[in-house]
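A short write-up of the structure that comes next.
Any read-out appearing in this document is the output of simple, stated calculations on the displayed coordinates, not a laboratory observation. Everything quoted here is computed from the prediction, not taken from an experiment. Ideal geometry is used to build each Cβ from the backbone, glycine not excepted, and the neighbour counts take in all protein chains shown.
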């Protein structure tokens, strides 16, 4: 399980990973946290690019700083992608 960590949650991600490790989950489930930098993503990448990279690499996106409005907002991208999958 790979988590893509948005730049504004790095500190929170470290705490989260520490809790997961202390509970023994890392012995049961392979968990990896990767940052935008490790994925060659700019912190200014639009939500569409971030979402598609996460989906392509089967990552869970942890963010608190993506946009809600606009054609490339995370909200809009997720709605479009879901609709496309339903139509296939």
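Per-structure values
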| item | result |
| --- | --- |
| Potential extension, residue 62-residue 45 segment - 0.36 nm per residue separation minus Cα distance | 4.6 nm |
| Tilt relative to the chain, helix 10-22 - C-alpha long axis, 0 to 90 degrees, to 10 | 50 |
| Cα-based helix-to-principal-axis angle, 74-87 vs the chain, degrees rounded to 10 | 70 |
| Among (i) 14.3, 43; (ii) 12.3, 37; (iii) 13.6, 43, the entry that matches Rg and Dmax of the Cα atoms in Å as calculated here | (i) |
| Average Cα contact separation per residue, the stretch 2-87, under 8 Å, 6 or more apart, as relative contact order % | 37 |
| C-alpha long axis of helix 47-56 to longest principal axis of the chain, angle in ° | 60 |
| Förster-model FRET efficiency, 25 Å R0, residue 1 and residue 71, C-beta, rounded to 0.05 | 0.25 |
